[in-house]
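Reviewing the structure listed below.
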Amino acid sequence: MDARASGICAELEVSAQGRMRGVKKLLALAVILPAVFVATRCSTPAAIPSPTPDIPATVAAIVAAIIPTPTPIPTPDLPATIAAAVMATEAARPTPTWTPSPTPTPNIAGTVEAAVRATEAARPTPKWTPSPTPTATPTPAPTATPSPIPTPSPTPLPTVAPAHSVADVLKRVLPAVVQIKTNRASGSGVIILYTSATTSAEVLTNAHVIAGASSIKVVTSSGLEYTATLVGSDPAADLALVRFCCVGTLTPLTVGASAGLPAGTPAIAIGYPLGISGPPTVTQGIVSASRYDAVGQRWLLQTDAAINPGNSGGALITSDGSLVGINTSVVRSTGGGISVEGFGFAVASQTFSPALVSLRAGKAFVSATATPTVPGSFGPVNGEMKHTPDDKSIDYYDTDIEAAEFMASAWFFNPYAANTNPWSYGFIFRHTGTNTFQTVFLRSDGSYYHIIRTGTAESSKVVRQGTLPKLNLAAGGKNHLRLLVTGNTAHLFVTGEYIASLDLGASSTSQTGDIWATSGYYTGESVAGATTRFEDFTVSQVTVESGPSAGNLTSKAGFIASQRTGVDIHDTALEVTFTNPELASGQGWDYGIYFRRYATNAFHSFVVHSTGKWFHHQRNETFTNDREIATGVVASGTGFNTRPGEINTLRVIVIEAAAFLFINGNLVGATTAPGSPAQGDVAPLAGFFSTSQPAGTVTTFSELRVWSITTP
């Protein structure tokens, strides 16, 4: 064909293809129209008579060419055929059913042409929308701070201890106090464990009660007598454990927390004084004081409840029936012969509870409890918190310590499996009045919470929460919780791993308040009869040793620029803000902190460099004996500023062998400080590396604060 014909043919091909796509939407029969149209009009070399095609005639010719005719039909009724196809297609639609308005004589050719033009105008070509296939709804990924659904209702702190009838308490407690008889003496004991499978019971008593005995008998309050065997004895702590078997059901006493019991707490002494038979004798008084016996390495509760010979090994309980002491001795007179009244002592539960492990193994218990020599510190203490869901209050253990800045740490033991019932435990601090405090705790759903409460239970505000993938949730499993509070920031560590820095709010910076262990913050997170146990609970004193201060560090060739604070500490938290020095293009800078510096060239240091790297070095005695313990790149998003005149705030926390570096509130490095001396100086530094800022460079620092952490 000639060029003009070819151009028209190409134009028609494009037009016909586009239009036929529109027809395809309306007529099942027209699916193959574009191909036939092109084959018919563009494969013939003859010239097109007119640049404007006669669309109705063309369509009629196409239809005539494509209708299958196995038997020749002289005169096909094309309009009727197309109309029938249209109606068949419409009838085949699933929903909705379209009912076309009847027309006496449909103009099929005109309808097709109009549909083609409308389709061209409505490009892009619509596609059939398939029927939706139901798919599984994906479970949404948890966000960084998930809110429990439904939101648990926080329970108010108890304001008044629930009243207990002494008679009711004694009715429950007396069967657990037994008489101990040996071939040498008699005394008392307390059933602390009963095993139903073997019908055997364990009795805790004094070591001096069974000392040198060749036979031991246990007599219950009902008068039944059993032969007992010695399991273990610790003469220094005056504790002994005996076991007897083949008895009916017995109910052991629940061990309570003796640490932090305030003076004046009601106390009841139960035992068998003077070897009398029948039920045990009961005397009532108060807890006069809690004292540490350095000789026996044990805690003692002093009480004015009457204790007489034969009471040794008996129970000292609180008004709710909790066993807080094993009666051990009484002072009748001074060395000068002056009579003394109401001066009895009991081995406190914070000593005998951890001793049970050694006693059951037949070994003497070596107490880890040290004499408290640091004012404002507490522990280490082992104890438990009884669940009291019926009183609608948070369970807690009072340390009797008030502080604004401190470090609290403890091992907490899960009271039961997380999949059986929810639980929570942690610390309450800066408690300044009823329902006014802050709390940080772990939950059985694998999360942590920081909550501030300001007067009512309804005022509880979740400041921060997050997930703890490594949290031990098994029944009896344990997790270590450490909280370091300085200023308006609390650093949370769980089982040795840094978790988060918590904002306590500027208004709470100087608030001094109570510090407690706590359990069951939300309703439903406690079970009657269950306990949340803890071990090595300590509260360490945190005090500001230096600052706030400011100064300039001027670099000198061959030397590190520093400004000593004059402190001499081991565990510390310190914070300082540096201003990047003004240097020529291409020159770098570094600055940081050294700590535990006990000689001129003996210290640890954290240093940050203008290249965006951080370093932890240890130097031992000489310049050449310097080794890199750890290094890394400051991650983007931590806000590390490197341009001249910009500032960065560094915070370093060193606890025992663990060291942490923070930049602008973000943790960038967690390392160890091996081989550290007992203690040393702390100071800001600049120009640690010889290739950094040239001599004469001035690095400014401000807001330098140094805290000492004194562990009891």
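Summary table below
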read-out: Euclidean distance of C-alpha centroids, the range 175-195 and the range 408-433, integer Å; value: 34
read-out: Shape of the range 417-531, Cα gyration tensor, a/c cut at 1.5; value: oblate
read-out: Estimated distance in nm for a label pair at ASN664 and SER222, the labels positioned 7 Å out from Cα along Cα-to-Cβ; value: 7.3
read-out: Chain lengthening between THR199 and ALA263 when straightened (0.36 nm per residue, less Cα-Cα); value: 19.2 nm
read-out: Residue-level accessible surface for SER233, protein heavy atoms, 1.4 Å, Å²; value: 30
read-out: Average Cα contact separation per residue, the range 575-670, under 8 Å, 6 or more apart, as relative contact order %; value: 26
read-out: Packing-based ranking, highest mean first, of 452-458, 408-414, 582-588 given that Cβ atoms within 10 Å are counted; value: 408-414, 452-458, 582-588
read-out: Burial ranking of peptide ranges 542-551, 662-671 (average Cβ count within 10 Å, highest at the top); value: 662-671, 542-551
read-out: Over 32 Å (Cα to Cα) - which of LYS556/LYS613; LYS217/LYS392; LYS392/LYS478; LYS171/LYS217; LYS171/LYS392; LYS386/LYS461 fall in this group; value: LYS217/LYS392
read-out: R0 of 35 Å, Cβ-Cβ distance VAL295-THR512: FRET efficiency to nearest 0.05; value: 0.50
read-out: For the range 479-626, average projected area of the Cα convex hull in nm²; value: 13.7
read-out: Table column - 3J(HN,Hα) (Hz), the range 551-560, Karplus curve with 6.51, -1.76, 1.60, x for Gly and Pro; value: x, 10, 10, 9, 5, 10, 4, x, 9, 7
read-out: Cα-based Rg of the range 215-331 normalised by 2.2 N^0.38 Å, two decimals; value: 1.10
read-out: Two-site label geometry, ALA599 and LEU583: point separation in nm, points 7 Å out along Cα→Cβ; value: 3.0
read-out: Packing-based ranking, highest mean first, of 169-178, 613-622 given that Cβ atoms within 10 Å are counted; value: 169-178, 613-622
read-out: Global geometry of the range 469-526, whether rounded, prolate or oblate, following the gyration tensor of its Cα atoms and the 1.5 cut on a/c; value: oblate
read-out: Estimated inter-spin distance, VAL544 and ILE276, nm [label 7 Å along Cα→Cβ]; value: 6.1
read-out: Tail fraction, Cα-Cα pairs, the range 550-685, threshold 18 Å, whole percent; value: 53
read-out: Residues of the range 195-213 with amide N under 20 Å of the 7 Å Cα→Cβ point at CYS246; value: 195-203
read-out: Under 12 Å from LYS470, Cα to Cα: aspartates and glutamates that are on another chain or at least 8 residues apart; value: ASP445, GLU497
read-out: For the range 644-700, alpha-carbon Rg and Dmax in angstrom; value: 14.1, 38
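The values are calculated or read from the model by the stated rules, or taken from the named source; none is laboratory data. Computed from a predicted model, the values in this text were never measured in an experiment. All Cβ positions, even for glycine, are placed from backbone atoms using ideal geometry, and neighbour counts span all protein chains on display. Heads up: the accessible areas ignore ligands, DNA and RNA and are worked out on the full protein's heavy atoms, side chains in. Shrake-Rupley method; radii C 1.70, N 1.55, O 1.52, S 1.80 Å.
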